[in-house]
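Q: Have a look at the structure that comes next, please.
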Amino acid sequence: MASGRVLVVDDEQNLRKAVHRTLTKAGYDVIEAEDGEKGIAAVQSGDNPLRLDVIICDVHMPKVGGKEVVAYLKSQFPSVPIIVLTGDPQYKDATDFLANGASAYLAKPFEPAALVKTVAKCVEKHVFHH
Amino acid sequence: MINVHTIGLPPEDLYPELVTFTHLNPSPVFVLDAQGQVRYLNLAARQMQQEFELADADILKILPVNIVEIMRQCLESGTQARRLESQIQNRWFGWSAYGVPGGQTVYFHGADITGYKKAEKEQNELRLKLVQNDKMASIGQLAAGIAHEINNPLSFVVLNLNHISNYGRGLLTIVEQYDKVATLIKAGSLSTELKAALTGVDDAKAQEEFEEILDELPSLLQESQDGAERIRAIVLNLKEFSHTGEGAQKHADINRCLQSTLKIVSYELKYKAKVIEQYGDIPEILCYPQELNQVFMNLLVNASHAIKQNGEIRIVTARRDEQVMIEIRDTGCGIPPENLSRIFETFFTTKEVGKGTGLGLSISSEIVKKHQGRIEVESTVGVGTTFRIWLPIVQGGPQTTENQNAGGHRKL
């Protein structure tokens with residue numbers, strides 16, 4: 001039994017894979033997607049479309065900017081916590097994201113333990129809410 | 001300008017006085033015959049000889065090194081040679097040389113231009129510093145994009161290394177079990193002991209997920225290598241770009257200059273705009289490549305700032321007669337007409353504090369001017385902006401027009 005289901009949205013394939021591996025090891029079910037729309041499509045086509053515990057989302061991606069993606073994901077999954085990943089951490093961005101519905105803000109590069117801990121916290125909160 | 005051929009010679013009764021004036025002229029005068037022998041030195045020239053402690057045989061060291069060639073020209077065509085320079089013991093002299101066609105002597109007239117040369121050098125250094133500062137400022141503007149570009153691969157390298165080190169530990173545990181088997185075999189031990197040891201191997205393999213290690217390790221290593229390579233390339237590009245120019249002209253391929261500059265800007269650009277590169281068949285030109293790179297950088301950064309999202313930047317180069325044309329066209333917000341006439345002004349900027357220095361375009365236009373080229377701009381608000389640079393393929397050598405300001409170097 002997985003400890004939770006996580007959607008990873010990042011345009012960087014190698015990063016998705018690395019996050020995927022790390023979270024799989026930590027006992028999570030992971031779905032990868034290269035952008036927000038594909039992420040939602042992937043989640044909805046799964047065997048248990050309703051269950052999603054955490055979304056991890058990069059904010060520096062081509063086509064759609066991170067803020068739009070977070071807003072979009074938030075509109076689709078209002079109760080699911082979102083962890084924002086960024087390669088360009090800035091205090092103002094962090095507060096903006098947190099004010100606009102993100103649950104956590106993780107600056108790249110991050111330690112695997114920090115990622116797992118952040119995901120665990122978010123899952124806990126999410127499970128607690130339901 | 002006075003044309004020597006249209007003015008009359010002085011009245012003959014002035015000749016003795018003119019000779020005296022020449023003799024007492026504070027500027028050095030040398031008259032040499034066709035064989036290069038000194039026929040006459042005025043007082044100032046004699047003083048120079050004393051000042052630099054030159055023997056009579058060495059006196060020509062004061063004159064430009066290529067005097068044989070200069071004299072040949074002067075005597076053949078009867079013309080004058082200007083903007084000649086010589087250096088002796090940290091001092092610089094500028095010279096003009098005159099001859100009459102078919103004549104027997106050449107007249108050299110000099111002036112001390114040491115102060116001017118020093119100022120020129122300082123000005124050059126100052127300009128290099130300005131360009132370098134501008135370069136650093138543009139890297140500052142791109143810092144966020146570059147940081148992101150480094151942090152992305154760095155993140156998966158860090159995550160992968162964590163897995164790799166776990167797998168490494170697992171492999172060591174398995175190898176230890178194999179080692180036990182090997183020791184038993186060497187000792188010629190019994191099959192029951194061997195069997196037990198082999199079970200230990202199997203247990204370790206299962207425990208450490210050996211199959212998974214086999215599956216995953218190669219790609220983990222490959223991806224990490226790719227990531228490290230990407231970081232290395234970024235750092236290398238940055239180093240190349242931030243390198244101070246030697247301040248010397250060289251032949252360079254403008255298309256390559258554009259490509260290497262684009263690499264640095266692309267870290268920021270790629271999230272906003274599609275870049276279309278249309279490089280034409282253009283010859284190498286004699287230029288200051290590091291400085292032209294800075295011009296391209298400024299134009300590309302501006303294009304990137306003008307685009308919010310989903311834009312397009314088109315880079316075109318082409319040869320037009322004896323010129324190279326470089327066009328950078330963006331589909332950004334455009335420049336309103338009231339600003340368009342001011343964009344090349346020093347310190348003029350519409351960017352917010354911390355985003356622009358107001359120096360980029362003014363420095364760029366200086367650099368283009370220095371290459372005897374020109375820069376044009378067209379812009380429509382809401383449609384986009386096009387910058388076009390024209391650079392001559394054959395340039396008139398290093399600019400020396402300043403020399404005309406130095407005494408004794410006036411154009412006749």
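Q: With the requirement that a residue be under 27 Å from the mean Cα position of the chain (by Cα) and assigned to a loop (DSSP other than H, G, I, E, B), what does region B:308-335 give you?
A: B:Asp321, B:Glu322
Q: From B:Tyr267, B:Tyr279, which residue is surrounded by 15 or more Cβ atoms within 10 Å (Cβ to Cβ), in contact with a helix residue (DSSP H, G or I) (Cβ under 8 Å, 6 or more places away or on another chain) and within 18 Å of B:Arg388 (Cα to Cα)?
A: B:Tyr279
Q: Step by step: first the residues of region B:78-91, then only those that are without any contact (Cβ under 8 Å) to a residue 60 or more places away in the chain and closer than 26 Å to B:Val19 by Cβ, then the one that is farthest from the chain's Cα centre (by Cα). Which residue is that?
A: B:Gly78
Q: Among the residues in region B:96-109, are any of a type in the set (A, V, I, L, M, F, W, C) and at pLDDT below 85?
A: Checked region B:96-109: at least one residue is of a type in the set (A, V, I, L, M, F, W, C) and at pLDDT below 85.
Q: Would you pick out the residues in region B:334-351 that are crowded, with 18+ Cβ neighbours inside 10 Å and touching a residue at least 40 places away in the same chain (Cβ under 8 Å)?
A: Scanning region B:334-351 gives B:Gly334, B:Ile335.
Q: Does at least one position in region A:103-121 carry a residue that is of a type in the set (Asp, Glu), more than 18 Å from A:Asp11 (Cβ to Cβ), modelled with pLDDT of 85 or more and surrounded by fewer than 21 Cβ atoms within 10 Å (Cβ to Cβ)?
A: So far as region A:103-121 goes, yes, one or more of its residues are of a type in the set (Asp, Glu), more than 18 Å from A:Asp11 (Cβ to Cβ), modelled with pLDDT of 85 or more and surrounded by fewer than 21 Cβ atoms within 10 Å (Cβ to Cβ).
Q: What residue, among those in region B:154-201 that are over 30 Å from B:Glu223 (Cβ atoms) and among the charged types (D, E, K, R), is farthest from the chain's Cα centre (by Cα)?
A: B:Glu193
Q: Looking at (1) within 14 Å of another protein chain (Cβ to nearest Cβ); (2) crowded, with 17+ Cβ neighbours inside 10 Å, find the lone condition where B:Asp226 falls short.
A: (2)
Q: Name the strands (runs of 3 or more DSSP E) wholly within region B:209-306 that hold at least 1 residues that are under 11 Å from the mean Cα position of the chain (by Cα)?
A: Because the criterion is at least 1 residues that are under 11 Å from the mean Cα position of the chain (by Cα), the strands (runs of 3 or more DSSP E) in region B:209-306 that meet it are B:250-252, B:285-287.
Q: Considering only residues that are closer than 19 Å to B:Ala45 by Cβ and among the hydrophobic types (A, V, I, L, M, F, W, C), look in region B:95-109 and name the one that is surrounded by the fewest Cβ atoms within 10 Å (Cβ to Cβ).
A: Out of the qualifying residues, it is B:Ala97.
Q: Identify all residues within region A:91-125 that are among the polar types (S, T, N, Q) and farther than 14 Å from A:Lys67 by Cα; write none if there are none.
A: A:Thr118
Q: What are the residues in region B:165-180 that are within 12 Å of chain A (Cβ to nearest Cβ) and surrounded by fewer than 18 Cβ atoms within 10 Å (Cβ to Cβ), if any?
A: B:Ser165, B:Asn166
Q: Same structure again: Six or more apart or on different chains, Cβ atoms under 7 Å: show the pairs whose first residue is in region B:372-386 and within 10 Å of B:Arg329 (Cα to Cα) and whose second is part of a strand (DSSP E or B) and of a type in the set (D, E, K, R).
A: Hits for this filter: B:Gly384/B:Arg329; B:Gly384/B:Asp330; B:Thr385/B:Asp330; B:Thr386/B:Glu327; B:Thr386/B:Arg329; B:Thr386/B:Glu378.
Q: Given the criteria closer than 16 Å to B:Asp253 by Cβ and either away from chain A (no Cβ under 14 Å) or basic (Lys, Arg) (or both), does B:Asn339 qualify? Break it down stepwise before answering.
A: Working: closer than 16 Å to B:Asp253 by Cβ: no; either away from chain A (no Cβ under 14 Å) or basic (Lys, Arg) (or both): yes.
Against the criterion (closer than 16 Å to B:Asp253 by Cβ and either away from chain A (no Cβ under 14 Å) or basic (Lys, Arg) (or both)), B:Asn339 does not qualify.
Q: State which residue pairs qualify: first residue more than 11 Å from A:Thr86 (Cα to Cα) and inside region B:140-155, second residue surrounded by fewer than 21 Cβ atoms within 10 Å (Cβ to Cβ) and among the β-branched types (Val, Ile, Thr) in any location, beta carbons under 7 Å apart, and separation of 6 or more residues or different chains.
A: The qualifying pairs are B:Ile146/B:Ile234; B:Ile150/B:Ile231; B:Ile150/B:Ile234; B:Pro153/B:Ile231; B:Leu154/B:Ile231.
Q: Would you be able to say whether some residue in region B:36-59 is within 27 Å of B:Lys121 (Cα to Cα), at pLDDT below 85, in a loop (DSSP other than H, G, I, E, B) and not charged (D, E, K, R)?
A: no
Q: Of all residues in region B:41-60, how many are surrounded by 15 or more Cβ atoms within 10 Å (Cβ to Cβ) and over 44 Å from the mean Cα position of the chain (by Cα)?
A: Counting residues in region B:41-60 that are surrounded by 15 or more Cβ atoms within 10 Å (Cβ to Cβ) and over 44 Å from the mean Cα position of the chain (by Cα) gives 2.
Q: May I pose another question? Here's a check for you: in region B:115-155, which residue that is charged (D, E, K, R) and exposed (fewer than 13 other Cβ atoms within 10 Å of the Cβ) is farthest from B:Asn90 (Cα to Cα)?
A: Only one residue tops the list, namely B:Lys129.
Q: Still on this structure: In region B:24-78, how many residues are small (Gly, Ala, Ser), under 20 Å from B:Asp112 (Cβ atoms) and touching a helix residue (DSSP H, G or I) at 6+ places or on another chain (Cβ under 7 Å)?
A: Qualifying residue count, region B:24-78: 1.
The values are calculated or read from the model by the stated rules, or taken from the named source; none is laboratory data. Values in this document were obtained by computation on a predicted structure and should not be read as measured data. A quick note on method: Cβ atoms are made from the backbone with ideal geometry, for glycine too, and the neighbour counts reach across all protein chains shown.
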